[in-house]
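Accompanying notes for the structure given below.
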Amino acid sequence: MPTVEIGLHREQSRFCHSNAMFRAFVGGIGSGKSFAGSYDLITKSKPNRLYCVIAPTYSMLADATMRSFIAVAEMLGLVSSSDIKRSAPPSIKLKTGAEVLFRSGDDPDRLRGPNLSGIWMDEASLMIQEAFSVGIGRLREGGDQGWLTATFTPKGKQHWTYETFALGAANTAIFHARTRDNPFLHEQFHDTLAGQY
């Protein structure tokens, strides 16, 4: 398979190269959170292992998270349309042999069951902490310790995402990016957004 070069900005690269068990990429609109989350899971996935992508609702999963994931997997040449199951419950089989489940975090009890090697929670700050708690209990596939990443817009220091990722707990790391830090956006995007807000 030919080598494919994918551009990452500095914070995306730091996030994707971190070996922390629990990692967060936090940023504003357009800072590259979903791209980083997708790229990270795809490149860290191992053959014949099971992974899960969680979004706050199935609408967000279908409209944004899964589309981002498929776009990155296609850029890397690791998925074909026949390997994408869009009907509920959706899943993707990568050409590496890894399988990725796509689930909603609106009812954390429905996340129970599978043994997983890794989880990506997209828009984690829109989910309740129980989704994280249930998720980390799944990270045991093949008797190995799995990992979890979360991408989200910050919700303040009282939110569970801050308490989980930003207080320096063991095996955690957090990476911050502003909208203007993403060089892949149109040059006027940040100023236009700031002007409207």
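The values are calculated or read from the model by the stated rules, or taken from the named source; none is laboratory data. Note that this is a predicted model, so its numbers are computed, not measured. Note that we place each Cβ from the backbone using ideal geometry, even for glycine, and neighbour counts take in every protein chain shown. For the accessible areas, the whole protein counts, side chains as well, though only heavy atoms, and no ligand, DNA or RNA atoms are used. Shrake-Rupley method; radii C 1.70, N 1.55, O 1.52, S 1.80 Å.
A few remarks follow.
- Check on Ala64, open to solvent by 30 Å² or more (accessible area, probe 1.4 Å), under 13 Å from the mean Cα position of the chain (by Cα), within 18 Å of Gly105 (Cα to Cα) and among the hydrophobic types (A, V, I, L, M, F, W, C): yes
- Segment 81-93 residues that are over 17 Å from Asn48 (Cα atoms), paired with ones that are outside any strand (DSSP E or B) (beta carbon under 8 Å, 6 or more apart): Arg86/Ala62; Arg86/Met66; Ala88/Tyr58; Pro90/Leu61; Pro90/Ala62; Pro90/Met66
- Filter pass, Ser80 being open to solvent by 50 Å² or more (accessible area, probe 1.4 Å) and hydroxyl-bearing (Ser, Thr, Tyr): no
- In segment 117-146, the residues that are under 17 Å from Ala98 (Cα atoms), crowded, with 22+ Cβ neighbours inside 10 Å and not aliphatic (A, V, I, L, M): Ser117, Gly118, Trp120
- Unique residue being in a helix (DSSP H, G or I) and either surrounded by fewer than 19 Cβ atoms within 10 Å (Cβ to Cβ) or not charged (D, E, K, R) (or both) when the list is Ala73, Ala88, Ala150: Ala73
- Segment 3-43, residues that are free of Cβ contacts under 8 Å to residues at least 12 places away in the same chain and not in a helix (DSSP H, G or I): Thr3, Glu5, Asn19
- Test: residue in segment 44-59 that is under 15 Å from Phe152 (Cα atoms) and not in a strand (DSSP E or B): yes
- Every residue from segment 20-33 that is open to solvent by 30 Å² or more (accessible area, probe 1.4 Å) and at pLDDT 95 or above: Met21, Phe22
- Residue in segment 45-67 that is within 23 Å of Gly7 (Cβ to Cβ), without any contact (Cβ under 8 Å) to a residue 40 or more places away in the chain and touching a strand residue (DSSP E or B) at 6+ places or on another chain (Cβ under 7 Å) present: yes
- Scanning segment 32-49 for residues that are aliphatic (A, V, I, L, M) and under 12 Å from Phe15 (Cβ atoms) yields Ala36, Leu41.
- The residues of segment 91-116 that are in contact with a Cys (Cβ under 8 Å, 6 or more places away or on another chain), open to solvent by 10 Å² or more (accessible area, probe 1.4 Å) and part of a loop (DSSP other than H, G, I, E, B) amount to a single one, Pro114.
- Pick from segment 153-165, criterion farther than 24 Å from Ile42 by Cβ and open to solvent by less than 50 Å² (accessible area, probe 1.4 Å), ranking: nearest to the chain's Cα centre (by Cα): Trp160
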